[in-house]
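Encoded as structure tokens, the structure appears first; notes follow it.
What follows draws every value from the coordinates through simple rules; no lab data is involved. Fair warning: this is a prediction, and the values are worked out from it, not measured in the lab. When we count neighbours, we look across all protein chains shown, and the Cβ atoms used for this are built from the backbone with ideal geometry, even at glycine.
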Amino acid sequence: MLTVEEARERVLAGFTPLEAEEAPLTEALGRVLAEDALAQESSPPFANSAMDGYALRSADTQGASAQAPVRLRLVGEVPAGSVYAGVAQPGEAIRILTGAPLPDGADAALQQELTEVADGWVTIRQPVAAGTNIRHVGEDVRPGMLLARAGAELGPAEIALLASLGVSPVHVRRRPRVAILATGDELAPLGQPLRPGQIYNSNTPYLIAAVTRAGAEPVALGIAPDRAEELRAMLTQAQGYDLILTSGGVSVGDYDLVKQILSEQGAVEFWRVRMRPGKPLAFGFLGQTPLLGLPGNPVSAAVTFELFGRPAIRRMLGAAQVERPVVTVTLEGAEQRRTDRRQFVRVRLASRAGQLVARTTGAQDSHLISSLQGATALLIVPEGEGVIRSGETAQALLLNDALPWADEW
Ligand code: AMP
Ligand code: MG
């Protein structure tokens, strides 16, 4: 039996980043940058006012006070989006609005609340330092600055930063196309009433959702019956995708045909991985196409997708962060007994007094999809002996990247 690490290493060795393509920035949410994005320009591109008020020459206001106010002649106005045509001369003030370029000659802007304006004169009762209320060129971004690294996933903030520099399109990795095939005579598709003995195919909807979340494009190929010819035909059709995910048919039952067909058709390894849930797992190549054969039980399929399928997709995306974050948590509630297999227990995390606390989502059998629902992490119960008791710490693999996480500061 392989350890989880050995199995994951072997899976990841089968994938490299896909080619780059261009995407309009506004459609690039969740895409992964294929190259570093460097600033070509400055932001802000010109010095501008942070306030609605009056642009002036700071030297004119030296010594201004309530007793000895300074009066500046109001000579013009510069709204956002336009440029003052002249040069501010000594003794002059120019009405300026937030975001408008600072007129040449001026070096500060005083907010209107601190002025009085009458008859074309602006009265100022305090000295104004040079640079007051000015947003400087390049204060946000300087040319050559690294905006986002290759491998970064674009979120709303990265998109705003790139947009502020006018960057579009962006170079991102192509999304992997992932074929999803369920196997089993007992499976009915959604929208069809169940016949006796049937259950709904929940793995395909799960995988469509999880593959999409991972950043790839799912393509559902339907349900293969437990008959060799049909499964063979459907798997043949699936070649050419970046990854095939099957579910079911990899354990030791009579109808576990995925194994049989894969061993005829490709270089496929079957593993028993030292983990629970999800012991049986197949990985290999059908022709050139990598195939990950997930177990049929819905919880096992979900957990093995998280541990092996998602990292494979992230590797194809060239993502800097292939793995989900692992955090230290304090177990609360029922103790967890260690066994010779590593267990991944569905837990819900809460933050209490600055600590992450984990509680299981209930019974953990691998047909209980309700144990997945509401789980925010997988508590890792390492191989070995003894128990993890309530109040003791353990590691947990987050099921989303919502907690703060940085590879480096
Ligand atoms: P198998 O690995 O094919 O022996 O399947 C193990 C268990 O998972 C059986 O109880 C199957 O009915 C169930 N199962 C297999 N595939 C699916 C699926 N796509 N959706 C829901 N349950 C499934
Ligand atoms: Mg089956």
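Which residue, ARG272, ARG71, ARG232, has the most motion in a Gaussian network model of the chain that connects Cα atoms within less than 10 Å?
Looking only at ARG272, ARG71, ARG232, the biggest GNM fluctuation is shown by ARG71.
Efficiency by 1/(1 + (r/R0)^6): what FRET value for ARG142 and GLU332, r their Cβ-Cβ distance, R0 = 56 Å, to the nearest 0.05?
With a Förster radius of 56 Å, E is 0.70.
What nm value, rounded to one decimal, do you get for the distance between GLU21 and ALA59 when each label is placed 7 Å out toward the C-beta?
The two pseudo-label positions are separated by 6.0 nm.
D for the chain, whole µm²/s, Stokes-Einstein with Kirkwood Rh over alpha-carbon pairs at 25 °C and 0.890 mPa s: what number?
Result for D is 96 µm²/s.
Where both residues lie in the chain, what percent of DSSP beta bridges are antiparallel, nearest 5?
70 percent
List, in order, the whole-Hz ³J(HN,Hα) value for each residue of the stretch 189-205 obtained from phi through the Karplus relation with A = 6.51, B = -1.76, C = 1.60 and θ = phi - 60°; use x for Gly and Pro.
x, 4, x, 10, x, 6, 7, x, x, 8, 10, 6, 6, 9, 5, 5, x
Fewest to most neighbouring Cβ within 10 Å: what's the order for MET316, MET234?
MET234, MET316
Got a sec? How would SER202, SER300 order by Cβ neighbour count within 10 Å, fewest to most?
Lowest count first: SER202, SER300.
Which shape class applies to the stretch 279-409: rounded if a/c is under 1.5, otherwise prolate when a/b exceeds b/c and oblate if not, where a ≥ b ≥ c are the square roots of the Cα gyration tensor eigenvalues?
oblate
Sorting VAL32, VAL219, VAL381 on the 10 Å Cβ count, fewest up front, what's the list?
VAL219, VAL381, VAL32
For PRO225, what charge total do you get from the other residues with a beta carbon under 11 Å from its beta carbon, if Lys and Arg give +1 and Asp and Glu give -1?
Taking every other residue near PRO225 into account, the sum is -4.
For the stretch 1-40 and the stretch 166-189, compute the distance between their C-alpha centroids and round to whole Å.
Using only Cα atoms to place each centre, the spacing works out to 14 Å.
To the nearest 500 deg cm²/dmol, what mean residue ellipticity at 222 nm is calculated for the chain from DSSP H runs of n ≥ 4 alone, each contributing -39,500 (n - 2.57), summed and divided by the residues?
The helix-only estimate for the chain comes to -4500 deg cm²/dmol at 222 nm.
How far is it, in nm, from the label point at ARG213 to the one at ALA160 when both lie 7 Å from their Cα along the line to the Cβ?
Computed distance between label sites ARG213 and ALA160 equals 2.5 nm.
Viscosity 1.567 mPa s, temperature 4 °C: give me the Stokes-Einstein translational D for the stretch 326-398 in µm²/s, with Rh taken as the Kirkwood radius over C-alpha pairs.
107 µm²/s
Find out how many positive minus negative residues lie around HIS367, taking Lys and Arg as positive, Asp and Glu as negative, among other residues whose Cβ is under 14 Å from that of HIS367.
Residues close to HIS367 contribute a combined charge of 0.
Counting other Cβ atoms within 10 Å, which GluC sites (Glu not before Pro) in the stretch 337-394 have at most 10 and lie in a DSSP loop?
Hits after loop and neighbour filter: GLU385.
Connecting C-alpha atoms closer than 10 Å in a GNM of the chain, tell me which of GLY309, GLY53, GLY240 has the biggest fluctuation.
Of GLY309, GLY53, GLY240, the Gaussian network model singles out GLY53 as fluctuating most.
Which angle from 0 to 90°, rounded to the nearest 10, does the C-alpha axis of helix 228-237 make with the longest principal axis of the chain?
Relative to the chain, helix 228-237 is tipped by roughly 20 degrees.
Over the chain, what relative contact order in percent results from Cα pairs under 8 Å that are six or more residues apart?
The normalised contact order for the chain reaches 16 percent.
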